[in-house]
1. Take every DSSP beta bridge with both residues inside the chain and express the antiparallel ones as a percent of the total, to the nearest 5.
2. From the cross-link list 192/219; 55/155; 99/170; 155/204; 94/204, which pairs have alpha carbons spaced over 24 Å apart?
3. Just from its helices, what would the mean residue ellipticity at 222 nm be for the chain, if runs of 4 or more DSSP H residues each count -39500 (n - 2.57) and the sum is divided by every residue, rounded to the nearest 500 deg cm²/dmol?
4. Quick check: pseudo-label points 7 Å beyond the Cα along Cα→Cβ at residue 213 and residue 155, how many nm apart are they?
5. Hey, can you rank 209-215, 35-41, 66-72, 101-107 by average C-beta count inside 10 Å, highest first?
6. Which peptide among 182-188, 140-146 comes first, and what is the full order, when sorted by highest mean count of other Cβ atoms within 10 Å?
7. Amide H of residue 106 versus every other amide H placed in the peptide plane: which residues, excluding those fewer than 5 positions away on the same chain, fall under 5 Å?
8. What is the gain in length, in nm to one decimal, between residue 193 and residue 77 on full extension, counting 0.36 nm per residue of separation less the C-alpha to C-alpha distance?
Amino acid sequence: MIARLAFGPDGAFRAARKGHVVIVVDTLRASTTVTTILENGGRGVVPAATVEEAKEKARELSSSGGCVILAGERGGLKIPGFDYGNSPLEFTRKVVEEKIVVLTTTNFTRVVQQAADAPLILAGCLRNAEAVAGLARREALRSGRKITVVHSGRKGEFSPEDYVTACIIKCLIEGVAPPSHEECVLDSPSAKSLAALGLWEDVKYCSQLNVSATVPVMKSGAFVRGL
Ligand code: MLT
């Protein structure tokens with residue numbers, strides 16, 4: 001089985017229009033954060049492209065009785081007035097269990113929104129690479145659909161850490177040996193920006209390969225835990 005690679009919001013849009021299973025990758029940090037929230041018992045993660053949209057979605061969900069956390073970053077930092085930022089380490093079981101998290105980030109949530117027409121959207125990162133590859137492969141075999149792994153990039157620019165993660169997931173889907181990732185991730189401009197904000201622990205956490213069996217699957221506008 002062959003998996004395709006695509007880049008950024010446009011790549012996600014085109015793959016979705018073709019009816020592919022779409023895996024969206026934002027290694028540092030959003031797809032890792034979504035995986036962690038669900039792994040730690042979060043009920044769902046609702047992506048929002050903008051700050052206003054996130055606030056609006058959080059208001060709607062709260063007024064219909066949900067226990068909601070408003071989270072997100074701009075420039076890597078927590079958005080003023082939000083409950084949490086986008087650090088996966090913030091979302092412990094104590095914080096997220098049984099909660100719905102509305103999340104807006106600079107790149108990932110916009111890419112996910114562009115993939116909205118896809119029959120299946122999954123969130124992939126290094127931590128769940130093997131698990132997301134397995135689920136996508138099973139779904140592609142069952143449905144006869146093709147798979148595209150989208151590396152989100154950073155404000156329209158190529159990001160080595162997203163590209164290498166997408167390549168690893170592609171290789172795992174195809175059953176070939178994946179490339180090594182440490183140097184690409186740890187030396188990336190995104191890693192350096194996070195380090196400058198004192199968030200190097202996030203980079204180390206996001207760099208761990210195949211340590212999570214949790215696969216975020218989009219259902220009715222929210223990522224939930226897949227099988
Ligand atoms: C994003 O989606 O743009 C990133 O996850 C940014 C970040 O590191 O918070």
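Please treat every number below as a calculation from the coordinates, not as lab data. No experiment lies behind these values; they were computed from the predicted model shown. Every residue, glycine as well, gets a Cβ built from its backbone with ideal geometry; the counts of neighbours run over all protein chains shown.
1. Taking every DSSP beta bridge within the chain, about 25 percent pair in antiparallel fashion.
2. With Cα atoms farther than 24 Å apart: 192/219; 99/170.
3. -12000 deg cm²/dmol
4. 4.1
5. With the highest mean Cβ count within 10 Å placed first, the list reads 101-107, 35-41, 66-72, 209-215.
6. Descending mean neighbour count gives 182-188, 140-146.
7. Under 5 Å from the amide H of residue 106: 73.
8. Extra length available between residue 193 and residue 77 comes to 40.7 nm.
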